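Asker: Structure below; questions to follow.
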Amino acid sequence: MDSSDAYRDEARRNGVPEHAIDLALSLARPQIELSPSGEGGGVLAGRYGGLPSLPPDSTWDGYLDLVASVDCAALPRDALDIPLPRDGHLLFFADRCDIDGAVLIGRGNSVVHVPAEAATVEKAPDREDASPAIDPHLLYARTVRCLPTSADDAVLGDVETARLYMEYELEHQDRRREIDEIDLFLGGYAYSPQDPPITGSSPDDEKGGWVLLAQAQLDMPDNPGFTACPFWIIQRDELAAMNFEAAGLVTLTYH
């Protein structure tokens, strides 16, 4: 949602009572949308697709494609309820080929932070049969408020919350841009064609539980008509330490 007032006005028009509106707004979390358009106050903050710019001594095998490179210094400052680096670039890699989806935990290659002071060169994949790079374009960032889906733990963890959420279709009162108009989301809740990935776990879990770092939707070049939905997740303690080698990648697919 662009604002709490806009959500409240839309929900009121649809007959949603105030206590249910208040419940929905209490669950809202900040999220950064990155898209090809600067409409709505977006600021230039990265690039979608293309080849990665990495330190000269690093390698890229090409099994995971570069989805986006985000300029952390250009992002709205302290916009999220999770920490991100103040500068440098975050590079997000994902698998566009595995039609069954994938879960990659502890591999250390799905999220890469390149420090601002690091020298970089554009890297081609080390393997000859790598998929062609995603066609590049610029990304513009803007901050919104997002609501959980009815399948999220934030809703299902309380019986009354789940009842009101379903009865008044609270997630559908949000007239935000369509998901497929956004190339990359940072933070917030997961939007998934299936059950949400491993996120929102208890802060009492080992290393503080998993949180959503980013998500995207990608065409699958070897499987026309299929879409891959990569979710980059990380445990809270690892994120606080900016240890992105500990990030995991959960990819769901749908047709």
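The values are calculated or read from the model by the stated rules, or taken from the named source; none is laboratory data. Small disclaimer: the values here were computed from a predicted structure and weren't measured. Virtual Cβ from ideal backbone geometry, glycine too; neighbours counted across all protein chains shown. Note: accessible area is taken over every heavy atom of the protein model, side chains too, but ligands, DNA and RNA are not part of it. Shrake-Rupley method; radii C 1.70, N 1.55, O 1.52, S 1.80 Å.
Asker: Looking at the range 70-80, can you tell me whether even one residue there is assigned to a strand (DSSP E or B) and either open to solvent by less than 20 Å² (accessible area, probe 1.4 Å) or at negative phi (or both)?
Answerer: The answer is yes, given that some residue of the range 70-80 is assigned to a strand (DSSP E or B) and either open to solvent by less than 20 Å² (accessible area, probe 1.4 Å) or at negative phi (or both).
Asker: Would you mind stating whether D98 is charged (D, E, K, R) and under 16 Å from A216 (Cα atoms)?
Answerer: Numbers: charged (D, E, K, R): yes; under 16 Å from A216 (Cα atoms): yes.
It is true that D98 is charged (D, E, K, R) and under 16 Å from A216 (Cα atoms).
Asker: Do we find a residue being of a type in the set (K, R), assigned to a helix (DSSP H, G or I) and surrounded by fewer than 18 Cβ atoms within 10 Å (Cβ to Cβ) anywhere in the range 20-31? Steps first, please.
Answerer: First, the residues of the range 20-31 that are of a type in the set (K, R): 29.
Checking the rest, the ones that are also assigned to a helix (DSSP H, G or I) come to none.
Scanning the range 20-31, I find no residue that is of a type in the set (K, R), assigned to a helix (DSSP H, G or I) and surrounded by fewer than 18 Cβ atoms within 10 Å (Cβ to Cβ), so the answer is no.
Asker: Does A130 satisfy the criteria of being outside any strand (DSSP E or B), open to solvent by less than 30 Å² (accessible area, probe 1.4 Å) and either without any contact (Cβ under 8 Å) to a residue 24 or more places away in the chain or among the small types (G, A, S) (or both)?
Answerer: On the way: outside any strand (DSSP E or B): yes; open to solvent by less than 30 Å² (accessible area, probe 1.4 Å): yes; either without any contact (Cβ under 8 Å) to a residue 24 or more places away in the chain or among the small types (G, A, S) (or both): yes.
Here the answer is yes, as A130 does meet what is asked.
Asker: What number goes with the only condition from (1) in a loop (DSSP other than H, G, I, E, B); (2) surrounded by fewer than 18 Cβ atoms within 10 Å (Cβ to Cβ) that V16 does not pass?
Answerer: (2)
Asker: How about the range 95-126: which of its residues are at pLDDT 95 or above, of a type in the set (A, V, I, L, M, F, W, C) and either open to solvent by less than 30 Å² (accessible area, probe 1.4 Å) or touching a Cys at 6+ places or on another chain (Cβ under 9 Å) (or both)?
Answerer: Those that are at pLDDT 95 or above, of a type in the set (A, V, I, L, M, F, W, C) and either open to solvent by less than 30 Å² (accessible area, probe 1.4 Å) or touching a Cys at 6+ places or on another chain (Cβ under 9 Å) (or both): V111, V114, A116.
Asker: Still on this structure, I have one more. Any residue in the range 19-35 that is on the phi < 0 side of the Ramachandran plot sitting within a Cβ distance under 7 Å of a residue that is part of a strand (DSSP E or B) and hydroxyl-bearing (S, T, Y)? List the pairs, counting only those 6 or more apart or interchain.
Answerer: P30/T143; I32/T143; L34/Y140; S35/Y140
Asker: Being touching a residue at least 40 places away in the same chain (Cβ under 8 Å), within 25 Å of D65 (Cβ to Cβ), assigned to a strand (DSSP E or B) and out of contact with any Lys or Arg (no Cβ under 6 Å at 6 or more places or on another chain) is true for just one of Y140, Y191. Which residue is that?
Answerer: Values: Y191 fails: assigned to a strand (DSSP E or B).
Residue meeting the stated conditions: Y140.
Asker: Go through the residues of the range 29-40 one by one and say whether even a single one is at pLDDT 95 or above, of a type in the set (A, V, I, L, M) and in contact with a Leu (Cβ under 6 Å, 6 or more places away or on another chain).
Answerer: For the range 29-40, residues at pLDDT 95 or above, of a type in the set (A, V, I, L, M) and in contact with a Leu (Cβ under 6 Å, 6 or more places away or on another chain): present.
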